[in-house]
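We did not get these values from a lab; they are worked out from the coordinates using the rules stated. Bear in mind the structure is a predicted one, so any value in this text is a computation, not a measurement. Ideal geometry is used to build each Cβ from the backbone, glycine not excepted, and the neighbour counts take in all protein chains shown.
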Amino acid sequence: MKKLFQHWEYVVLFIFCLTPVIWFWNKGGAIINGVDTNFPLDPLIWLQRRFFVWNDTANAGIDFSSSTAGIFFHLVQAIPYSLGLNLQQVQIISLIFWFSLIILSSYIFARTIFSGNKLACLLFVVFYSFNPYLFNTWENVKVANLALVASIPTGLALLYLLMERRIGKQEALLYSAVIGIILSGGGINPAYFITFFIILFIFLLARIIIKFNSDSIKNSVRSFLSIFIVIFLINLFWIIPTANFIINNISTSGSIENLGFTNWVDSLSENTSLLNVIRIQGAWDWYAFDGITGLPIFIPYALNYFYHPAFIFYSFLIPALAILAFVFRDNQKKELWLAFGIMLVLGVLLGAGTHPPTGSLFRFLSDHIPFFSLFRSPWYLFTPLVILSVAGLVGLLFYNLGERIKGINLPLLKPIGFLIMLLLIICNLLYTYPLVTGKIFRPGRNDSFYVNPPPYISEAKNWLLASGNGRVIGYPDDELEKFNWGYIGIESILNLFSNREALFSSLNAPKASVSTLIKEFYLTLKKDEQSSVASLAARLNIKSIFYKKDQSSLAPGNIPYFSKLPAETFGEWQFFKLPEENFIPKITASNNFMFGYPYANSKSLLLTPNDSIYVNPEDNMVNKITALSNSGSIVYSENSQKKAFDSFRLDKSKLVNRLLTRDLSFVDFVVEVPNDSNYRPALERYRLEDFGLDLTKEVEVEVDGKKTPWQVNHMTDSFVYFAPIFFTAGEHKLTIRLQNKNLTFGGNFNEGYVFKKGGEGMGVGKYLIEEIGSEKYLSIVNIGKPDISADFPVAYSDPMSSYYIELKYKQIYGNNGAVHIAQFNDNTLFKVQVERLPNYPEWQYFSLYYEPVMLNSTLRVELVAPFTADPLGTKVLYDDLRVQKVFINDLFFISEGSKNTQPLPKVSFKKISPVQYEGEIKDASMPFILNFSENYSPQWELTLYDEANKKIANKLIHFSANLYANAWYIENTPQNYKFRIYYLPQNLFKIGLLISLVTFLVVLTLFVKLKLKSTK
Amino acid sequence: MRDLIKIYSERIKELETVVGGRLLGLFIFNVVLMSLILMRSAGYFAPFFPISINFIVLVSIVLSVSLLGIRSRGIFLLSLSFWGFAALLKLFNINVWAERTAIYAYEAIVVGVILYLFENSKLSKSNRPKIEDRK
């Protein structure tokens, strides 16, 4: 007990370490999970996945090099899990482990610097371990941040001790290795790893400047290098493959935009003013407010920090104490003052990112320093410099003051000093109450991180394990999976507990080829185009559809196809099995090519026969294949209505797109065919009858101005195939006449007042149908009422199509007229498109397009006379309202080529790991193509072996096929042989891991040797 | 009271000595500052290089080092006063001014750290061992 009182600081530290226990207080069996948190529901699977540099479980595979850095982090979870503890216990242990590491690491540093002053040590620990920067780190349990924050103080302490020659080299090497292991998690975002060395380098620089003599410089540099080399070598297992990935995939120079994160840095830097960064309040999510309620969207406690005087005062007090430290400094440990000063200056400068007034410097650096774009989250990356320097300076201030008052003989001075420090510690814990109490996890809110996984997850897990191979695609197709039991994820939930390969709507890479195919799959599913669903499922290697009834979504739930499929049900989850006969294995052989003109069109893949592969005619590798002269081709034609619609949809809002009238009674297709040949037209089938096309008869088409009847050859639920027609190479124009009905009634006002009067509140609303000659139009006068309107229902039954709205208007006076397109059902308003009409006092056409939310609903067009404060009000005239469907069906031309009818070799294979597949090929009498339905990477290697396992020297042509997958053209081989498909960067991981293990063993041996020597 | 007057007259003498030693520097400092403010009010160099208050504050901090001989401690005190003022403005919800004042505080910290570096660096002239010491 006496010892406990003597070392009371350890008791305090122990209590600090147990902070995560408070987070789970009164939370039942909940775990913290969701969005970026990604706590695995099977930690062993996650640990195992991190031993491979390719992750095949997400959207046909991605490079996973940097994620191998998470081995240690997930090992901490996997150990208690394998001992049989439940998920909540595993998470608590993992969180306590990392919290304790930060507390202990900061205490080790504080003890090294402020030895003898326990309160100064505790002050450092509290300021370093409890601050608003760590709110976000803990909220998402960010591996890289935690690893960095836990490593910095120990790393610095080690460097300091080594420079001061207070620690032996062998010991230092072992400690460096341990720090290297802790820091390894930083490799998930290598910029965090670099930040660690930036901090150590600043300290080295300060030391050199302050103690500028050759002996000191040599010793300092040697100390720095020995720590750097050991940590670097220990981390080589992820550094080598990640470096390989960065070099091959990320541009060395240029701005952040090259990474595809448009305005990423700017949006993160929006609130990183110097004032906010110095007060450690620069996280972007603090400043996201709901426009209507004015309340924070993500961070409810942010209000206290913005408006509560006590919180504002304290946020200024901490940096003030840090500045004050420079005023009351002494002449001891000058390198620490200088290092902390430089860290503060640099941390604030770089942490502010592109925010003015210092932002131009950050932009300059990102444009001119190679790979600087890795630092794309400046506030998150550089604020550790600020928290370290502020905690260090405050610690130094009180340590110094403590030393000064030692000589002063005033009895009350010491207790007062003690009380002030104690008060500061308590105030800091109160100031960071969201972190202490677990409010950072937003308990009680809809977006809370506390979730209780339902029991059917484990049932589904067992079924997935037993149900073999083949991908599973999730439905509904929202990019965010938001379950009604609390979990929100950006990837498939299946990845949390299963190694089954899953497909889902990608939030991170929506433009990737496989993502466009997945989008197409969902669209065909919603349109109930079952032949296209089957075709895409085969190409994407899909075996079942995972229907999540517990997911909150606007996607239609009544998919007709589901009722035809056999299902396995686990609580709210259903797995619909697609017909086995359509399934194509991941590795197959084919001997026919189809060229795509243009290649990047996912619908062309739907038209590619299953025995052919779809390739890019402009691919240099494909062009090396000599046997391609008779390949078929699929040529896309440009649809004039779709082009106009896309131009309206994708271009920035501008009037030139709107102040015109369009004729939707015909559609033009422009096609450029590559060769003279017979081409079979294939027109998208979806609701052609709505446009008056009778498919039981001939369809009249104008081809290059000449009327030609097209005979329907056959049709599926997705395409109508016509009899082949001959085209010469070059451009051709085709026109199809449509009967495109007006879907509203009474918009020309000849039928009288058939519209509904919209708008509420006091004031006067006058609706009058006036006429000039035979022409009638509507006049709406609004005096003092909120927006009033003439509302027209749309005879609309198809939310999968797009609509065209056109009207004439004339602005007489008052506020500008407007058109609202509202989509709703009995309970919910789904979407309103508001178009403001330019103030124009003559009759003027105005047109727009509307793309509905894909839900059964009602559509209404409102012609508005808006409110104005002017007592004369608003007067707008309207006429000739028309609503029509846009003909967006695509037309393709297919040239079959001369098909290779030779029998295909038999392919059998086995998946050894996510990076390695082995198999056999039998009866390969002719050259053929081996398809591998995993995302294309030039680093996938195919090696052939003869039956005696001897490597067959063969130059294989590797190219991309089916828009996303890999394919090899194989010729000049024996009839039967073996093959291996391997992801080459895995070798880099193996080499790195070997070096890392050897390094650790060497430093451990040196340490043990030293210890044995000293005990002798 | 008498003690206070005594202390005041002593301090005034000290101040006079300091000012006497820096008279030219003080004169230039004031002239530059006045000129900058006058030029700003007249819109000189705009729009190519508008003289902002931020620029004037930064120039005055830098000049106070070279012309008035302020040491790093003084600069940090200046930064602290800016920071305190920023806090006051923030507490009164005058956010734009608080942001600006925080920029001045940061600029003073930067100058203070640079100055501290030179004051304590063995590379700097003042810290090199004197010739007689070397002997």
Quick query: amide H of A:Phe570 versus all other amide H atoms, modeled in the peptide plane; which residues come in under 5 Å with a sequence gap of 5 or more or a different chain? A:Phe575
For chain B, what does the alpha-carbon gyration tensor say about shape, rounded, prolate or oblate, given a ≥ b ≥ c as the root eigenvalues, a/c under 1.5 as rounded, and a/b over b/c as prolate? prolate
With charges set only on the Cβ (+1 for Lys and Arg, -1 for Asp and Glu), what does the dipole of the protein assembly as shown come to about its Cα centre, in debye to the nearest 20? 5800
Order of A:Arg445, A:Arg860 from fewest to most other C-beta atoms within 10 Å? A:Arg445, A:Arg860
Between the range B:23-43 and the range A:655-670, what is the separation of their alpha carbon centroids in Å? 65
Is there a simple number for the mean count of other chain Cβ atoms within 10 Å of the Cβ of residues in B:85-93, and what is it? 4
Step through the residues of the range A:555-560 one at a time and calculate ³J(HN,Hα) from phi using the Karplus curve (6.51 cos²θ - 1.76 cosθ + 1.60, θ = phi - 60°), rounding each to whole Hz and writing x for Gly and Pro. 5, x, x, 8, 7, x
A:Asp826 label point, 7 Å along Cα→Cβ, cut-off 18 Å on backbone N: hits in the range A:536-561? A:557-558
Distance between modelled label sites at A:Ile812 and B:Ala42, nm, 7 Å Cα→Cβ extension: 5.8
Tilt, helix A:413-431 to longest principal axis of chain A (alpha-carbon atoms), in degrees rounded to tens, equals 20
Partner shielding of A:312-324, as the mean number of partner chain Cβ atoms within 10 Å, equals 5
Equivalent ellipsoid dimensions for the protein assembly as shown as semi-axes, Å, which come from the Cα gyration tensor, largest first: 62, 44, 28
Stretched out fully, how many nm does the piece from A:Lys776 to A:Ser647 gain, at 0.36 nm a residue minus the Cα gap? 43.2 nm
What shape does the range A:164-255 take by its C-alpha gyration tensor, where a ≥ b ≥ c are the square roots of the eigenvalues and a/c under 1.5 counts as rounded, a/b above b/c as prolate, and the rest as oblate? oblate
Given a Förster distance of 22 angstrom, what is the FRET efficiency for A:Tyr753 paired with A:Tyr845, based on the Cβ-Cβ distance and rounded to 0.05? 0.40
Taking the Cβ of A:Trp573 as the center, what net charge do the other residues with Cβ under 11 Å away carry, scoring Lys and Arg +1 and Asp and Glu -1? -1
Diffing the range A:662-673: the Karplus 3J(HN,Hα) column from phi (6.51, -1.76, 1.60, θ = phi - 60°), in whole Hz with x for Gly and Pro, holds 10, 9, 9, 8, 8, 10, 9, 10, 10, 10, 10, 8
Listed by chain and number, the residues whose amide H is under 5 Å from that of A:Ile769, excluding neighbours fewer than 5 places away on the same chain and using placed H, are A:Ser779
Using Cα pairs closer than 8 Å and at least 6 residues apart in sequence, work out the relative contact order for the range A:528-601, in percent. 38
Between A:Ile194 and A:Gln902, what length in nm is gained on full extension when 0.36 nm per residue of separation is reduced by their alpha carbon distance? 249.2 nm
The range A:26-70: radius of gyration over Cα atoms, expressed as a fraction of 2.2 N^0.38 Å: 1.39
From the phi of every residue in the range A:872-883, what ³J(HN,Hα) in whole Hz does the Karplus formula 6.51 cos²θ - 1.76 cosθ + 1.60 yield, where θ is phi - 60° and glycine or proline is x? 6, x, 10, 10, 10, 9, 10, 7, 6, 6, 9, 10
Note the full-extension length gain between A:Asp528 and A:Leu660 as 0.36 nm times their separation in residues minus their Cα-Cα distance, in nm to one decimal. 44.0 nm
Find how many whole Å separate the alpha carbon centroid of the range A:803-829 from the alpha carbon centroid of the range A:128-202. 59
Kindly put A:Phe504, A:Phe5 in sequence by how many other C-beta atoms sit within 10 Å of each C-beta, fewest to most. A:Phe5, A:Phe504
Taking the highest mean first, how do the peptides A:75-83, A:350-358 order by number of other beta carbon atoms within 10 angstrom per residue? A:350-358, A:75-83
Here the relative contact order (percent) of chain A, from C-alpha pairs under 8 Å and at least 6 apart, is 12
With only helices counted (DSSP H, runs n ≥ 4, each -39500 (n - 2.57)), the per-residue ellipticity at 222 nm for the protein assembly as shown, to the nearest 500, works out to -13500 deg cm²/dmol
Counted neighbours (other Cβ, 10 Å), sorted fewest up, put A:Thr383, B:Thr101, A:Thr626, A:Thr696 in the order A:Thr696, A:Thr626, B:Thr101, A:Thr383
Given a cut-off of 29 Å, name the pairs among A:Lys211/A:Lys1009; A:Lys831/A:Lys875; A:Lys808/A:Lys885; A:Lys899/A:Lys955; A:Lys439/A:Lys482 whose C-alpha atoms lie farther apart than that in the structure shown. A:Lys211/A:Lys1009
